[in-house]
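Visitor: If you scroll down you'll find the structure; I have some questions about it.
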Amino acid sequence: MAVRATEIVWQPTREHIEQSRLVAFMRQHGIPDYAALHRRSVEDLTWFWDAVAKDLRLEWSQPYSRVLDTSRGIQWATWWIDGKFNYVHNCLDRHIARRGTRSPVSPSARTAPSAA
């Protein structure tokens, strides 16, 4: 069965939304709805990305001193000034250290639809 690009194929339940990390993030920062979150995220990039990095508990080998420098213009923005970040550590190593020998990747019970 083909799905049209405009068709919504899944909608979260109210309970699922209420238990989401996004709603928890919004509540933590006193943001009433998604429109307000979007507005603040584009109006205050520094606040938004600093809050996201903290919410995700990203681990830096050297902390950043500033989130964003746009002094040369937004098209030449520099992110995470002075910070040193290891993607492998944050995506895998820290989870393996916490989970022991259990895989950091959980297999899905779903299978991809076959290409017919």
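Visitor: Counting alpha carbon pairs within less than 8 Å and at least 6 residues apart, what relative contact order, in whole percent, applies to the range 58-105?
Guide: On the way: 52 pairs, mean separation 16.2, N = 48.
34 percent.
Visitor: Can you give the longest stretch of the chain with no exposed loop site, where a site means trypsin sites (Lys or Arg not before Pro) in a DSSP loop (not H, G, I, E or B) with at most 10 other C-beta atoms within 10 Å?
Guide: On the way: sites that count: 4, 57, 72, 102, 110.
In short, 5-56.
Visitor: Let me ask another. Return the calculated 222 nm mean residue ellipticity for the chain, to the nearest 500 deg cm²/dmol, obtained by summing -39500 (n - 2.57) across DSSP H runs with n ≥ 4 and dividing by the residue count. Intermediate results must be reported in sequence, preceding the final value.
Guide: Details: 5 runs with 40 residues, N = 116.
One gets -9000 deg cm²/dmol as the mean residue ellipticity at 222 nm.
Visitor: Under 18 Å from the 7 Å Cα→Cβ point of residue 91, by amide nitrogen: which residues of the range 33-66?
Guide: In the range 33-66, the label zone of residue 91 (backbone N under 18 Å from the point 7 Å along Cα→Cβ) covers 53, 56-61.
Visitor: Could I ask something else about it? Taking 30 Å as R0, compute the FRET efficiency from the Cβ-Cβ separation of residue 4 and residue 38 and round it to 0.05. Walk me through the numbers before you get to the answer.
Guide: Values: r = 26 Å, r/R0 = 0.86.
Calculated value: 0.70.
Visitor: Here's a follow-up. Just tell me the longest site-free run in the chain, where the sites are GluC sites (Glu not before Pro) in a DSSP loop having at most 14 other beta-carbon atoms within 10 Å. Spell out each step's value before the answer.
Guide: On the way: sites that count: 7, 59.
Result for the longest clean stretch: 60-116.
Visitor: So what's the convex hull volume per residue for the Cα atoms of the range 58-105, in Å³?
Guide: Values: hull volume 3.7 nm³, N = 48.
Hull volume normalised by residue count: 78 Å³.
Visitor: If I fit a long axis through the Cα atoms of helix 34-43 and take the longest principal axis of the Cα atoms of the chain, what angle between them do I get, 0 to 90°, rounded to 10?
Guide: Approximately 30 degrees, to the nearest 10.
Throughout, read-outs are computed from the coordinates displayed, never taken from laboratory work. What you see is a predicted model, and the numbers here were worked out from it, not measured in a lab. With ideal geometry, Cβ positions are generated from the backbone for all residues, glycine too; neighbour counts draw on all protein chains shown.
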